[in-house]
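J.: Provided herewith is a single structure, encoded as structure tokens, for subsequent inquiry.
Bear in mind that the values in this text are calculations on the coordinates, not laboratory data. Remember, predicted model here, so these are calculated numbers, not experimental data. Quick reminder, even Gly has a Cβ in these numbers, built from the backbone with ideal geometry, and neighbours come from all protein chains shown.
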Amino acid sequence: MADPYRICVVCSGNICRSPMGEIVLRSLLEDAGLSDQVVVDSAGTGGWHAGQPADPRTVAALARAGYDASAHRARELTPPELAERDLVLVADRGHLREVESMATHSGGDPEIRLLRELDPQAVADGTVEVDDPYYGDEADFERCLTEVRAACVGVVDHVRARV
């Protein structure tokens, strides 16, 4: 069997946006019959929350949509891990700059994209960043999940063409 295609979803602390992306994308890849060819994880650009579960509001929003985030534990992205990824999906332009900078020293050559660049409607609307819901309320977490889910549908199509 060939090596799996490896994806990492990245945000700041790995407790809100990137766990949503990881969990939703993993489910959609399973539904598409690609879960045996693709491995998905997530990480943060910072390690402030390393080892902690996802934000309770993230867990709640995912649970309301039928996803289980109880096993998630935050971690920080490292250059060696980055080097092993085929595709890195970042939440916003700040993460894009950080991950691109890290990639120059990682020894790898992953494709690095804004997550919402793979959502045609987000591109058409000019809203290709996933805003951080951390300082918001329940509605902000629901909006975030809606944006992430729409983008993940596009990610599945993107990945299908590469595996």
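J.: Please go through segment 77-163 and write out the chymotrypsin sites (Phe, Trp or Tyr not before Pro) that DSSP classes as loop and that have at most 12 other C-beta atoms within 10 Å.
T.: Values: sites: Tyr134, Tyr135, Phe141; in loops: Tyr134, Tyr135.
Qualifying residues, ordered by number: Tyr135.
J.: Hull surface divided by four, with the convex hull built on the Cα atoms of the chain: how many nm²? Working shown, then result.
T.: Working: hull surface 36.4 nm².
Taking the Cα atoms of the chain, their convex hull projects to 9.1 nm² on average.
J.: May I pose another question? How large is the dipole of the chain about the Cα centre if only Lys and Arg carry +1 and Asp and Glu carry -1, each at its Cβ, rounded to the nearest 20 debye?
T.: Values: 16 positive and 29 negative charges, 30 e Å.
Charge dipole, the chain, about its Cα centre: 140 debye, nearest 20.
J.: Membrane-span-like helices in the chain: DSSP H runs reaching 18 Å or more (Cα, own axis), mean Kyte hydropathy at least 0.0? Let's see the in-between values first.
T.: Numbers: long enough: 17-31 (21 Å, -0.07); 138-160 (33 Å, 0.12).
Once both thresholds are applied, what remains is 138-160.
J.: Same structure, new question: Per residue of the chain, what 222 nm ellipticity follows from adding -39500 (n - 2.57) for every DSSP H run with n ≥ 4, rounded to the nearest 500?
T.: Values: 6 runs with 69 residues, N = 163.
Counting only the DSSP helices, I get -13000 deg cm²/dmol.
J.: If you average the C-alpha positions of segment 1-74 and of segment 134-152 separately, how far apart do those two centres end up, in angstrom?
T.: Computed from Cα coordinates, the inter-centre distance equals 14 Å.
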